[in-house]
1. Can we say Lys181 is of a type outside the set (Gly, Ala, Ser), closer than 19 Å to Lys119 by Cβ and either modelled with pLDDT of 90 or more or touching a Leu at 6+ places or on another chain (Cβ under 6 Å) (or both)?
2. Please work out which residue is nearest to the chain's Cα centre (by Cα), limiting yourself to the stretch 79-90 and to residues that are in a strand (DSSP E or B) and not charged (D, E, K, R).
3. Can you tell me how many residues within the stretch 102-122 are within 20 Å of Val197 (Cβ to Cβ) and crowded, with 21+ Cβ neighbours inside 10 Å?
4. What's the total number of residues in the stretch 57-85 that are crowded, with 16+ Cβ neighbours inside 10 Å and more than 26 Å from Phe19 (Cα to Cα)?
5. Could you count how many residues in the stretch 162-218 are assigned to a loop (DSSP other than H, G, I, E, B) and either under 23 Å from Tyr282 (Cα atoms) or within 15 Å of the chain's Cα centre (by Cα) (or both)?
6. Is there any pair linking a residue in the stretch 6-27 that is over 23 Å from Phe95 (Cβ atoms) to one that is assigned to a helix (DSSP H, G or I), with Cβ under 6 Å and at least six apart or on different chains, and which?
7. Does Asn172 fit the bill of being modelled with pLDDT of 70 or more and either among the small types (Gly, Ala, Ser) or out of contact with any strand residue (DSSP E or B) (no Cβ under 9 Å at 6 or more places or on another chain) (or both)?
Amino acid sequence: MIIWLASYPKSGNTWIRSFISALLYTDEGQNDFSNLKNIRQFPARSQFKDFVEDLQNPEQIYRNWTIVQNFLNLDKKIKFLKTHQINCIIGEHKFTNDENTLGAIHVVRDPRNVLLSIKNHFSFNDQSEALEFISKEKHWVGIEKSEDDKFRDNMIPTLISSWNIHYQTWKNKTKNYLLIKYEDLQENPEIEFNKIVNYLEKLTKNKFDDKKINKAIETTSFKYMQNLENKGYFSENARGHNENKVKFFNLGPKNDWKKLLNNEIIEQINLKFNKEMKELKYL
């Protein structure tokens, strides 16, 4: 059974994944990024290569979403999968179902700061380009030769849609759903990470050692992970338009939309995502 780590891009998924990896796949809870590989991306080439003929064809991918999940779950073990995919149905094809999904931890971030991180991460020329990225409802990434595809290292079609649709599909269609707001994680990491611990203990029937929990929290602080990246321990960087690697842990707490976004962009975001932002108390 799958526990999803779901998020829109640049919303804190790697932060949560680092914490859970340290908690589950180390002896003492020490995060060094080496265990991130235990929580794989979905969908990914390695998972679909034996099920489809064309790994760049979105239709072949979505027709096999649950078929591949059935195969991954043959071992009957609990597993964690990271995804930026919306939890949708295309025709009769569901992204996932109750037979394959045990639950989902969904990380959500203020779209104004998401926009700034997207702009930096993919080296967009201006803020309007990043706004277009987070606003497109039929937004597939991972399609080779697509002009707006900056996820080309993954190279498999993933429907991320817009920021608000992404939030709504996971919130409304997922059993055992846990919402984590990036801003709460920044402000009170111990409280938010312990929410995740309690959630995992309930779902997995495991009890985690307090010392291990504290070490995992300590070694997944933004500053700690930024230092690890600077020392070369992080390998999931994107590449910008000039093909140079872009720092992954770059802005973090300094990513302040109030100081960095222009007023026109702020107004457009607040209008476009008004309902969801009010629901999440961003407005």
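The values are calculated or read from the model by the stated rules, or taken from the named source; none is laboratory data. A quick note: this is a predicted structure, and the numbers were derived from the prediction, not measured. Glycine gets a Cβ as well: all are built from the backbone with ideal geometry, and neighbour counts include every protein chain shown.
1. Spelling it out, it is not the case that Lys181 is of a type outside the set (Gly, Ala, Ser), closer than 19 Å to Lys119 by Cβ and either modelled with pLDDT of 90 or more or touching a Leu at 6+ places or on another chain (Cβ under 6 Å) (or both).
2. This residue is Thr83.
3. Here the count works out to 5.
4. 8
5. Adding up the residues that qualify gives 3.
6. Listed pairs, sorted by first residue: Phe19/Phe193; Phe19/Ala216; Ser21/Leu36; Ser21/Asn38; Ala22/Ala216; Leu23/Ala216; Tyr25/Asn38.
7. Against the criterion (modelled with pLDDT of 70 or more and either among the small types (Gly, Ala, Ser) or out of contact with any strand residue (DSSP E or B) (no Cβ under 9 Å at 6 or more places or on another chain) (or both)), Asn172 qualifies.
Here's the yes/no breakdown for (1) among the acidic types (Asp, Glu); (2) modelled with pLDDT of 95 or more; (3) within 14 Å of Tyr8 (Cα to Cα):
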{"position": "Lys37", "(1), (2), (3)": "no, no, no"}
{"position": "Gln60", "(1), (2), (3)": "no, yes, no"}
{"position": "Asn70", "(1), (2), (3)": "no, yes, no"}
{"position": "Lys79", "(1), (2), (3)": "no, yes, no"}
{"position": "His106", "(1), (2), (3)": "no, yes, yes"}
{"position": "Asn120", "(1), (2), (3)": "no, no, no"}
{"position": "Phe133", "(1), (2), (3)": "no, yes, yes"}
